[in-house]
């Protein structure tokens with residue numbers, strides 16, 4: 001399945017938010033060409049837990065979201081490089097960049113300059129705070145956005161908050177927002193639009209209940225640790241083998257849970273009669289439930305509770321979940337032979353299936369400028385011209 005087949009995307013982005021957006025588009029069938037800086041490329045090529053891969057400009061952070069893309073290098077500060085970039089742009093449908101606001105304009109390659117010759121261009125700019133506003137000039141990384149968005153203030157508990165989420169959630173949500181907007185813009189007729197993606201607003205948009213509880217109900221959001229503030233018993237509970245999650249959010253689930261634990265009498269207590277009562281006394285309720293849960297293994301409880309409709313799950317490590325049959329059976333992981341790397345690289349695909357199939361790409365993450373000769377040759381440049389442009393610093 002390749003719903004974006006025939007679409008060419010120029011990916012001028014670095015590190016995560018932009019590359020992750022284009023990662024989604026590539027898996028959905030778009031031809032994605034990474035346009036990188038000569039010599040160093042995407043900064044993510046030098047980032048990751050394996051120093052040898054970083055040195056080879058194939059860092060784990062780069063490998064994670066660049067499979068299926070092609071790579072060329074262009075010096076956008078060089079006049080010949082700009083001219084060649086414009087020739088390549090004439091073959092593309094979408095341009096994605098995540099420079100600071102104003103950088104592309106200073107290069108003479110901003111949306112208004114490009115749309116004169118390419119009125120149907122879909123231009124997507126991803127930035128920390130958007131293309132205008134009081135904070136437009138501020139630099140931004142994922143952790144900065146997590147902090148100013150309020151997300152850190154509600155993560156953790158009374159002792160640990162504010163706490164950063166364990167992965168770059170602002171970057172990835174910003175990337176997903178960009179991919180969604182680009183996909184929508186491709187359906188517009190006539191095509192041609194400027195997409196302004198703010199990582200801050202993208203993250204806030206996913207905090208709907210938290211934001212609305214404040215805007216509508218006047219509640220100041222706070223950290224609740226592993227407890228679900230909307231219901232009880234719903235959160236993390238101790239067992240004989242470690243913590244597990246139980247979400248008995250409905251009255252029927254609350255009744256089924258207490259029946260199975262042999263604690264049906266709890267339902268007769270005034271402190272636990274209604275959902276609001278249980279929320280108000282959640283700590284005492286958790287202790288009551290744990291007197292039974294602590295007698296057996298989390299895996300056993302999870303299997304039994306799920307069997308009669310009470311959502312429950314053990315808490316897995318990342319290696320444990322990646323090794324789970326559920327992941328293998330749905331084809332979420334893919335394996336690629338990357339030149340110079342041994343063994344093959346295993347990477348995540350996207351979290352979607354189309355007609356029962358997981359969208360996928362067939363080629364590994366590219367070496368820096370791996371496809372330069374082919375792409376520039378397709379534009380009509382001879383090998384001698386390409387060599388001369390490289391020697392001049394344009395490529």
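The values are calculated or read from the model by the stated rules, or taken from the named source; none is laboratory data. Since we're looking at a predicted model, the values are computed, not measured. Cβ: placed from backbone, ideal geometry, glycine included. Neighbour counts: every protein chain shown.
Can you pull out the residues in segment 78-102 that are loosely packed, with under 15 Cβ neighbours inside 10 Å and over 24 Å from residue 175 (Cα atoms)? Result: 79, 83, 87, 90. Go through segment 189-229 and give me each residue that's touching a helix residue (DSSP H, G or I) at 6+ places or on another chain (Cβ under 6 Å), surrounded by fewer than 18 Cβ atoms within 10 Å (Cβ to Cβ), within 18 Å of residue 279 (Cβ to Cβ) and in contact (Cβ under 8 Å) with a residue 60 or more places away in the chain. Correct list: 221 only.
When residue 302 is tested against (1) touching a helix residue (DSSP H, G or I) at 6+ places or on another chain (Cβ under 7 Å); (2) surrounded by 14 or more Cβ atoms within 10 Å (Cβ to Cβ); (3) not in a loop (DSSP other than H, G, I, E, B), only condition (1) is not met.
Just the residues that are within 29 Å of residue 171 (Cα to Cα) and without any contact (Cβ under 8 Å) to a residue 24 or more places away in the chain, please, taken from segment 231-260. Across segment 231-260, the qualifying residue is only 234. Listed by first and then second residue, the pairs linking a residue in segment 115-130 that is surrounded by fewer than 18 Cβ atoms within 10 Å (Cβ to Cβ) to a residue that is modelled with pLDDT of 95 or more, with Cβ atoms under 6 Å apart and 6 or more places separating them unless they lie on different chains, are 115/121; 119/192; 120/191; 120/192.
Of the helices (runs of 4 or more DSSP H) lying entirely inside segment 87-166, those carrying at least 1 residues that are closer than 30 Å to residue 72 by Cα, more than 21 Å from the chain's Cα centre (by Cα) and assigned by TED's automatic domain parsing to the domain that holds residue 381 are 103-106, 111-115.
It is to be established whether one or more residues within segment 372-383 are over 30 Å from residue 84 (Cα atoms) and in contact with a helix residue (DSSP H, G or I) (Cβ under 6 Å, 6 or more places away or on another chain).
No: zero hits.
Scoring residue 181 on the criteria (1) under 28 Å from residue 138 (Cα atoms); (2) touching a residue at least 60 places away in the same chain (Cβ under 8 Å); (3) touching a strand residue (DSSP E or B) at 6+ places or on another chain (Cβ under 8 Å) leaves a single failure, condition (2). Against the test of being more than 21 Å from the chain's Cα centre (by Cα), modelled with pLDDT under 95 and more than 28 Å from residue 2 (Cα to Cα), the options 262, 340, 313 yield a single qualifying residue, 340.
Taking the conditions exactly as written (free of Cβ contacts under 8 Å to residues at least 40 places away in the same chain, more than 16 Å from residue 186 (Cβ to Cβ) and either touching a helix residue (DSSP H, G or I) at 6+ places or on another chain (Cβ under 7 Å) or outside the structural domain of residue 343 (by TED's automatic domain parsing) (or both)), does residue 68 satisfy them or not? Considered against the rule, which asks whether it is free of Cβ contacts under 8 Å to residues at least 40 places away in the same chain, more than 16 Å from residue 186 (Cβ to Cβ) and either touching a helix residue (DSSP H, G or I) at 6+ places or on another chain (Cβ under 7 Å) or outside the structural domain of residue 343 (by TED's automatic domain parsing) (or both), residue 68 comes out as no.
Name every residue in segment 210-229 that is in a loop (DSSP other than H, G, I, E, B) and farther than 23 Å from residue 291 by Cα, in order of residue number. The answer is 216, 217, 218, 219, 220, 221, 222, 223. Starting from residues that are in contact with a helix residue (DSSP H, G or I) (Cβ under 8 Å, 6 or more places away or on another chain) and in a loop (DSSP other than H, G, I, E, B), keep the ones in segment 230-253 and report whichever is modelled with the lowest pLDDT. This residue is 230. Counting only helices (runs of 4 or more DSSP H) wholly contained in segment 1-73, no element carries 3 or more residues that are modelled with pLDDT under 95 and more than 24 Å from residue 395 (Cα to Cα). Candidates 346, 275, 282: the one that is farther than 23 Å from residue 229 by Cα and under 35 Å from the mean Cα position of the chain (by Cα) is 346.
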